[in-house]
Amino acid sequence: MNINKRQKVLLTLMLLMMLAISIGCSNDEFERVNPKDIDDPPPLGMALIPAGSFEMGDHLDNVERALPVHTVELDAFYMDVNEVTVGQFKQFIQLSGYNYEGNWLDVDKHSPTADHPMIYVTWYDAMAYSKWAGKRLPTEAEWEYAARGGLIGKRYPWADAESVARKYANYYGTGGKDRWNKSSAPVGKFKPNKYGLYDMAGNVWEFCADWYNEKYYKNSPTKNPLGPDTGQLFDWGGPCRVLRGGSWHSAASALNVAFRGFSIPDDRHYFTGFRCVSEMPE
């Protein structure tokens, strides 16, 4: 074999290797977001969350409110890649005439720009915005499934290591990318999870559609659970709606994807916001 033939053989082998790598990468991407679920691009500002099943609940820390771990199966849906911002909520008020009863000075203290997450919202405010936008609040199961980003049995939306948390989340204290000590951060300033969702840990707690009941997981349906029919009552009050994700004022333990928070639905807090989901087109 002369030198030209040897070069041709090497070139052919290299091209075949590159083709194999390309095909392998494509398959990996298709496994993460199933192409059978994709007929049209997601709506602007939303990500496709593919249909599937997962083990819902706490796998690692035995958080009492997140047990027992149980299998949940969900249909595909779209989710906002970011939390609803101050600017988006103000546009909603302007265009719809909605009567927001919160204090804008309070909002400005902890979410000072149009790109910060909307806070000091009640569950009813979040529901009103969602309906106006043609969307809805996520169920608690949808929220956890999306937050996990396709990872199986991990503690956080990025995996298990708290040491890298400040690459992904604004929570109590500062360090690394997290320079917001006493306020929320503008949305999308940290790394997203594998579904392309930002701030699923930290920044602001996010309202879900569900009533909260500590014992619900013991009797939760497997397919598309909607939460209990009524909320749990406490000595101090209730019932409450579910909150997920932790906030800028939370300890790292609240960033756990299985950690369940809750709030009376007409309360307003400096650490509470929301994001929306929508159904797949039929």
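Read the figures in this text as sums done on the coordinates, not as results from a lab. Keep in mind it's a predicted model, so treat the numbers as computed, not measured. Reconstructed Cβ throughout: ideal geometry from the backbone, glycine too, with neighbour counts over all protein chains shown.
Where in the range 265-282 does the label zone of residue 236 land, with the point 7 angstrom along Cα→C-beta and an amide N cut-off under 11 Å?
Correct set: none at all.
Ratio of the chain's C-alpha Rg to 2.2 N^0.38 Å, to two decimals?
Dividing the Cα Rg of the chain by 2.2 N^0.38 Å gives 1.14.
Checking the table 177/218; 167/223; 90/223; 182/223; 167/215; 194/218 against a 31 Å threshold on Cα-Cα, which pairs fail? Provide the component values of the computation, followed by the final result.
Values: 177/218 39 Å; 167/223 34 Å; 90/223 36 Å; 182/223 40 Å; 167/215 34 Å; 194/218 29 Å.
Cα-Cα > 31 Å for 177/218; 167/223; 90/223; 182/223; 167/215; rest within.
Sort 182-190, 118-126 by the packing proxy (mean of other Cβ within 10 Å over each peptide's residues), most packed first.
On the way: 182-190: 19.8, 118-126: 23.8.
Answer by packing, highest mean first, reads 118-126, 182-190.
How would you rank 249-257, 86-94, 160-168, 237-245, highest first, on the average number of other Cβ atoms within 10 Å across their residues? Don't skip to the answer; put the middle values down first.
Values: 249-257: 20.0, 86-94: 17.2, 160-168: 14.9, 237-245: 22.0.
Ranking the peptides 249-257, 86-94, 160-168, 237-245 by packing returns 237-245, 249-257, 86-94, 160-168.
In degrees between 0 and 90, to the nearest 10, how far off the longest principal axis of the chain does helix 86-96 point, with axes built from Cα atoms?
60
If we sort 141-152, 195-206 on the protection proxy, mean other Cβ atoms within 10 Å, highest first, what's the order? Mind dumping the intermediate values first?
Values: 141-152: 21.7, 195-206: 26.8.
By packing density, highest mean first, the sequence is 195-206, 141-152.
Using Cβ counts within 10 Å as a stand-in for footprinting exposure, how do 158, 180 rank, fewest first? Provide the component values of the computation, followed by the final result.
On the way: 158 23, 180 19.
Lowest count first: 180, 158.
Could you check the simple spin-label distance between residue 108 and residue 253, using points 7 Å along Cα→Cβ, in nm with one decimal?
Reported label-point gap for residue 108 and residue 253 is 3.7 nm.
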